Each structure stands twice: as C-alpha cells, then as structure tokens.
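Reviewing the structure listed below.
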Amino acid sequence: MEKRNKTYVEDVNRGVYDIKNEVRYSYKSDKGLTPEIIKAISKEKNEPKWMTDFRLKSLEVYHKLDLPPWGPDLSELNMEDIVTYIRPDTKMNTSWDEVPEDIKKTFDSLGIPEAERAALAGVGAQYDSEVVYHSIREELTAQGVIYTDIETAIKEYEDIVKEYFMTCVPPKDHKFAALHGAVWSGGSFVYVPEGVNVDIPLQSYFRLNAPGAGQFEHTLIIVEKGASLHFIEGCSAPIHSVINIHAGCVELFVKEDASLRYSTIENWSRNMYNLNTKRAIVEKNGTIEWVSGSFGSKVSMLYPMSILRGERAKAEFTGITFAGKGQHLDTGTKVIHAAPHTSSNINTKSISKDGGIAIYRGAVKISKNANHSKSTVTCESLMLDSKSKSDTIPVIDIMNDKVDLGHEAKIGRISEEAIFYLMSRGISEEEAKAMIVRGFVEPITKELPLEYAVEMNNLINLELEGTIG
Amino acid sequence: MSNELLKINNLSAKVEDKEILKGINLEIKKGEIHVIMGPNGAGKSTLASILMSHPNYEITDGEIIYQGEIINNLSPDEKAKKGIFLSFQYPEEVPGLTVESFLRAAKSSVSNEQVRLMEFKKNLKEKMDLLKIGEDYAKRYLNVGFSGGEKKKNEILQMAMLEPTLSILDETDSGLDVDAVKIVSQGVKMLANNSNAFIIITHHKKILDYIKPDFVHVLIDGKIIKTSDASLADEIEIKGYEWLKI
C-alpha cells in the first residue's frame, strides 16, 4: 500500500468539476525527481537528445534554486510525493469516438465537444500528462496554421520548437520554471503564419484526474507578423485528499503588427498548488491581451508577464481572482516596457470569502529607453466577510521620466446597506450577495468566452448560495 | 376579512445603544394614506428602518402586527414577500446590476414565481412611461450615476412594479424639484386603492399639495404626540413643531 500524507482540504461540491475517474495509465513514473525518472520520461516520449539533455539540465537547476522567499507558504508541497508523469491508456485521437469512454464523458460534462462544435476552430484536450484529443479546422491547416501538442511539434517542426522552447521563460528563471523544464509534458503548440487572421478561437483544456500527481503542460504560441489569434485555455481537476501540483509554462511570441488574445480560466480543486508561469514577448506594434480567471487551487502563484520589446507594443490584462475557504491566491501581472511608446492597461478584481486570501501582486517596469510609455493599473478587491483577506502589492520601477503612469487600488468590504437594500425587495441574503458579487465582476465577465462566463457565474452561485445554476 | 393592515403597539427601538423610538402606537387600515411628520432626529427614518428590519436597528419593546401576525423578527426579504415596501431615502448604488435584471429578480421573488420575460418587459415599459423614466434606464446599473431625483423615481418605479400592500416612503420627496414631487405623487395616486396603504414620511408639506392623506401624525423624540387630519400639516407649516412639544 502506498502511504500518503493526508492533506486537509476545504471544498464545496463543485458538480461536474469533481467527477473522478478510475486512474488507468499505460505508463506512470515513480514519485519524486531523479535523473533516472527524467530520462525515463524522455525515453517514453521518444525525444531527441537535445530535449533529454535540456530536461536533465533543468533538473540540475531545479535542485540548485530555492523556493521564493515571498508569497504563500509552499512548505506542504513535497515533490518527493508527486508523480510527475502519467500517460493515460490512450493515444492522441482526432475523433472523440476514439477517446476512452470515461475520459470522453469527463470532457463532455465540461462542455468541450459542445463548444468545439459551436464556437471553436480547433480543440486540444489533455488528460493527466498527455493530450488525448486534438482537432483543427481544415481551412486553417490550408492557411498554414499549426495547432498540435508539443510532442508532435518536436517531431514534425523540430526547428521551430528548438528555436523558441523555453527561451521566453528560461528554466533558471525560478524553481518551478526549472521543474517545468525537467518534467514538462503535453500542452499546445500553435503557429500562425504571417498575415493569417484566425477569426475563431482555438481552445486547449487541461484536466488532471490522478491524485498525488503533477501536470506540467507547455504552451508555445507563435503569431507571426500581421497575424492574429484568440487562444483559450481551461484547466480543472477533481478534488483529492493529497496534494497535486500544476506547474505549466506558457510562452507567447507576438511578432510585429500581430495580436494575440489569451484567455484562461483555472478552476482547480482545492488540493492543488498552481504555480504556473506565463509570459509573452511582444514586438513592434504588436498586442497581447490577457484575460485571466483564477478560481480554484489551494495556493496559486500566477503573474503573467508581458515584455513589450518593440515600439508601440501594447499589453492589456484583465484578471479576476476568487479566493474561498482555505485558499491563498497570489495573482497579478507584470509588464516590462522595453521600448518607446509602449502601453499597458491592467485591470484586476478579486473577491475573498470565508477566510480566503486574495492578493494582487504586480509589477510595472519602464526601462530607460521607453520614452513616452504609458501604463494604467486598476485593482479592486471585495471582501465578503471580516475573516477574509485582501491586499495589493504593486511594484513600480521607472527609469524614465517621460512616461504616463496611473495606479488605483480599491479594497473594500461588501456593503451591508446594499445587501439590506436588495433584501428589502424580497431577495434572499445569499442571492443579494451573489447579485452584488456578480455585478462587481461584470466588467470582467464581459471579456470572458461565453462558456467561461457561465462557469464563473456558476461558481459565484455555488460559493454564495450553495446551488449550481 | 378585516381591513386592519398594520398595528404598532408600544414600539421601542435602539441603534447602537441609543434609544430612538420610545413607545410608538399606530394603526393603519387598508385604503388609508398616513403621513408622518416631525423634525430632524425625531425617529422618522428609524421607524421606517425598523419596519423593514434594518440589521443595525433593534426592537427593545413592543410589537409590530401586520395582517394579524407579529412580524418583529422577520427578515427584510420575508417582509417584502408579505407585501411591505420601503422607498429608501438614500438608495444604494449597485454597480454591474441592471435595473431590469434586479427588478425581474425582485418581482419573481415577491410574487413567488418566475416572471415571464416578455410580460415583465411590457409591464416595466408601461410603468417607466407613466413615471417619465427614459427607456435606457432599464439597462443602467442600479442607481449608479443617477441624480438624486432619478434615484427617487427609481424607488417609485420599484414600488409600482412590486405592487406592495404596505408602502413606506422615507422622505422620498426631499431634495426633489416640483416636477419630480408631482411625478412621485402621481405614482402613489396611481397605486393607491382599497386593498393597500401608504406611510409617507416627510418633513415638507409640499407633497401634500398633491396627495391627500387620511391621517397626519407628528413624531417628536421617539413618540407620536399628535394625530389629526390633513389640516395638521398646514398648521405645522405655519407654526413649526415647537407648539406641539409639551
């Protein structure tokens, strides 16, 4: 019998998100992190030598780096207890009919095939460590758009992957970037050729089913000159009584005149340590738009970064974080203005409830040469009771005096008078609170893809009224 | 069935350990309009808040009997469902919640059934027209960016939509210009019938130019010290409140 440390987990019944399947796999690595385990993963994936070496080197870096001295407590996370690689007992399929029944059912209940039919130009679905389904519309393939998992990309587009892979987020960046470099598996590779506008979004969904496991998917997106893309990413996991870890890595390359919108909803269960790294490099006149929702997890540390490298490059960040009982969500965004006339617009909201902790941690850096750059940061926090905690930790580092900078932070509690007002119209206390919270997040909800807006509203209902809409 | 709607017996109440109401007695029958006047700080708004179960106010003595039932301990939403409505002196702003979706949720809740969308929209438009409220208000966030007058009209719109049995108007007329007071009064007249009643709390006589009350009560220092017909308001207009104090 495996001996596991029991973790105390706070969670509400989250309906479909908590559907647990029997863990079946065709390969599963041992717990912990050793060069042997890493070599075995690489061998299992049939990787070229450069990637095996890359993994081993990352592992060395991982062992050398310390945990971040700031932010949430990570002492409970013990990598010796984590299985880093679990290959489900299926291959990557191009038809849902080929996906094993229970896995297909899980994605069905998450609404993925339905969204695919209704509003997506391509879908990737990852289950534990590997992608089990992938599709892309033919007309996009005909225009040269590539959308596949990273494993396939290494085989078929090795030069491109080699040129970009973990150059935006190098393994030495921090301990979990190094961990990712060592054990990454699955994820998405998207390449949009020059001048191609992908009008309909692509979506990848990441589902971690196995207890005591890690998910380390890698997303590499290259949007070439004058091209555009909307990429959506969803993540979830059912609740377990042991620690799970998610340390994905997202690298986005937005070239001259290109634009990329990257929308994510992370709805992990509350036994999850979500230590995800996301970064974009934006060239001249390029635009990156982040829409980021962090709902689940026990602990999140997530600060998508935009490096505005070319003149007039632009970053927009819209974020929403919801921390309930037992959750510590430390989220925000970083922008580096590294060229003249670059601009950034950051707009975040957070909600904390039942002792949850929601912290905005962000940074805006304006380098010496970034004349006439502009940045606006607005953070709003709503605490639903006196047990919960919220704070804003913005770092502003300006090395140029020809800039335009605005920062506004508002932290407040839900208004008792407003609750009374709504209740005096026959609305129950729970529904009144939910209405106020839904109103508070409404400007963000508007930015989310429809199914995620619905998911967010359901979450609010669940948290505040105990019902699933 | 009895015509008696509300009976307040010896009601005392406090806020943060300060006794504000000191034994109020009041009887209201269906079909009646009551006006409560009094100087600032007399306890008028406290009475309104207590009747709607504001969480900061506490009943220390006496009882509120509504349609034969003691309702001292009912929550605001339970009272609303029983047909009690309070028009707020300072309505709250709720960003992100539109007037329309709020009203539909409220209407569904007080009528205990899901209100059909088309029917609701039609009803809302009619009431908005009557109160001379622009159509775009339905899509605006509740009270956000509304002027004082718009907020008060919005209160009357809510009253018109929810069709309460007992409406309490807490200084709905204060801070309004003559036209707005007219519209608010029209709203009351439009709704008033033999099966409902109104309590109009005011310290101006202006609204009484348009609404004829059955009773005027004077509330001073937490007690109703005089009750008479509409002529009492005229007297107060001329003499103030001093002569009423014992």
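The values are calculated or read from the model by the stated rules, or taken from the named source; none is laboratory data. Nothing here was measured: the structure is a model prediction, and the numbers come from that model. Using ideal geometry, Cβ is built from the backbone for each residue, glycine included, and neighbour counts are taken over all protein chains shown. Accessible surface areas use protein heavy atoms only, side chains included; no ligands, DNA or RNA. Shrake-Rupley method; radii C 1.70, N 1.55, O 1.52, S 1.80 Å.
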Point to revise | Tabulated pairs, the stretch B:22-36, first in a loop (DSSP other than H, G, I, E, B), second open to solvent by 30 Å² or more (accessible area, probe 1.4 Å), C-beta under 6 angstrom, 6+ apart or interchain | key: B:30/B:3; B:30/B:195; B:31/B:194; B:32/B:214
Check your understanding: So, of the residues in the stretch A:410-428 that are more than 7 Å from chain B (Cβ to nearest Cβ) and either over 36 Å from the mean Cα position of the chain (by Cα) or open to solvent by 30 Å² or more (accessible area, probe 1.4 Å) (or both), which turns out to be nearest to residue A:463 (Cα to Cα)?
Key -> A:413
Check your understanding: When residue B:93 is evaluated against the numbered criteria (1) modelled with pLDDT of 95 or more; (2) open to solvent by 30 Å² or more (accessible area, probe 1.4 Å); (3) within 26 Å of residue B:149 (Cα to Cα); (4) more than 14 Å from chain A (Cβ to nearest Cβ), which criterion, by number, is the only one it fails?
Key -> (4)
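Tally up the residues in the stretch A:338-396 that are on the phi > 0 side of the Ramachandran plot and either open to solvent by less than 60 Å² (accessible area, probe 1.4 Å) or touching a Pro at 6+ places or on another chain (Cβ under 8 Å) (or both), please.
Initially, the stretch A:338-396 is screened for residues on the phi > 0 side of the Ramachandran plot, giving A:341, A:354-355, A:372.
This time we only want the ones that are either open to solvent by less than 60 Å² (accessible area, probe 1.4 Å) or touching a Pro at 6+ places or on another chain (Cβ under 8 Å) (or both), so: A:354-355, A:372.
Summing the residues that are on the phi > 0 side of the Ramachandran plot and either open to solvent by less than 60 Å² (accessible area, probe 1.4 Å) or touching a Pro at 6+ places or on another chain (Cβ under 8 Å) (or both) in the stretch A:338-396 gives 3.
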Study note, to complete from the structure: Residue pairs within 8 Å by beta carbon, gap of at least six or interchain, first lying in the stretch B:68-80 and over 17 Å from residue B:28 (Cβ atoms) and within 14 Å of chain A (Cβ to nearest Cβ), second of a type in the set (S, T, N, Q) and open to solvent by 30 Å² or more (accessible area, probe 1.4 Å), listed first then second, are B:77/A:428
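For residues that are more than 18 Å from residue B:198 (Cβ to Cβ) and of a type in the set (Val, Ile, Thr), scanning just the stretch B:12-34, find the one that is nearest to the other protein chains (Cβ to nearest Cβ).
Of the stretch B:12-34, the ones more than 18 Å from residue B:198 (Cβ to Cβ) are B:12-23, B:25.
Checking the rest, the ones that are also of a type in the set (Val, Ile, Thr) come to B:15, B:20.
Numbers: B:15: 13, B:20: 17 Å.
Out of the qualifying residues, it is B:15.
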Check your understanding: So which residues in the stretch B:96-120 are modelled with pLDDT under 95 and open to solvent by 60 Å² or more (accessible area, probe 1.4 Å)?
Key -> B:112, B:113, B:114, B:116, B:117, B:118, B:119
Check your understanding: Given the residues B:52, B:37, which is the only one that is more than 8 Å from every other protein chain (Cβ to nearest Cβ), under 17 Å from the mean Cα position of the chain (by Cα) and open to solvent by less than 20 Å² (accessible area, probe 1.4 Å)?
Key -> B:37
Exercise for review: Please enumerate the residues belonging to the stretch A:294-321 that are in contact with an Asp or Glu (Cβ under 7 Å, 6 or more places away or on another chain), of a type outside the set (S, T, N, Q) and buried (at least 24 other Cβ atoms within 10 Å of the Cβ).
Suggested key: A:295, A:296, A:301, A:313
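Among A:69, A:35, which is modelled with pLDDT under 95, more than 20 Å from residue A:215 (Cβ to Cβ), in the same structural domain as residue A:239 (by TED's automatic domain parsing) and exposed (fewer than 15 other Cβ atoms within 10 Å of the Cβ)? Full working, then the answer.
Working: A:35 fails: modelled with pLDDT under 95.
Result of the check over A:69, A:35: A:69.
Could you tell me whether residue A:233 is in contact (Cβ under 8 Å) with a residue 60 or more places away in the chain, open to solvent by less than 20 Å² (accessible area, probe 1.4 Å) and acidic (Asp, Glu)? Reasoning before the result, please.
Working: in contact (Cβ under 8 Å) with a residue 60 or more places away in the chain: no; open to solvent by less than 20 Å² (accessible area, probe 1.4 Å): yes; acidic (Asp, Glu): yes.
No.
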Exercise for review: List the number of the failed condition for residue B:166; all other conditions in (1) away from chain A (no Cβ under 14 Å); (2) modelled with pLDDT of 95 or more; (3) touching a Gly at 6+ places or on another chain (Cβ under 7 Å) hold.
Suggested key: (1)
**Study point:** All positions within the stretch B:110-138 that are more than 20 Å from residue B:182 (Cα to Cα) and among the β-branched types (Val, Ile, Thr)
**Key:** B:110, B:115
Point to revise | Among residues of the stretch A:413-453, those that are free of Cβ contacts under 8 Å to residues at least 12 places away in the same chain and assigned to a helix (DSSP H, G or I), counted | key: 9
Point to revise | The listed residue being open to solvent by 10 Å² or more (accessible area, probe 1.4 Å), in the same structural domain as residue A:167 (by TED's automatic domain parsing), β-branched (Val, Ile, Thr) and closer than 26 Å to residue A:181 by Cα, out of A:264, A:287, A:331, A:277 | key: A:277
Practice item. Inspect the stretch B:149-171 for any residue being surrounded by fewer than 19 Cβ atoms within 10 Å (Cβ to Cβ) and of a type in the set (A, V, I, L, M, F, W, C) and give the result as yes or no. Key: no
Practice item. Scan (1) within 14 Å of chain B (Cβ to nearest Cβ); (2) assigned to a strand (DSSP E or B); (3) of a type outside the set (Ser, Thr, Tyr) for the single condition residue A:406 breaks and write down its number. Key: (1)
Review point. So residue A:186 clears everything in (1) touching a residue at least 24 places away in the same chain (Cβ under 8 Å); (2) farther than 20 Å from residue A:27 by Cβ; (3) of a type outside the set (D, E, K, R) except one condition, right? Which one?
Key: (2)
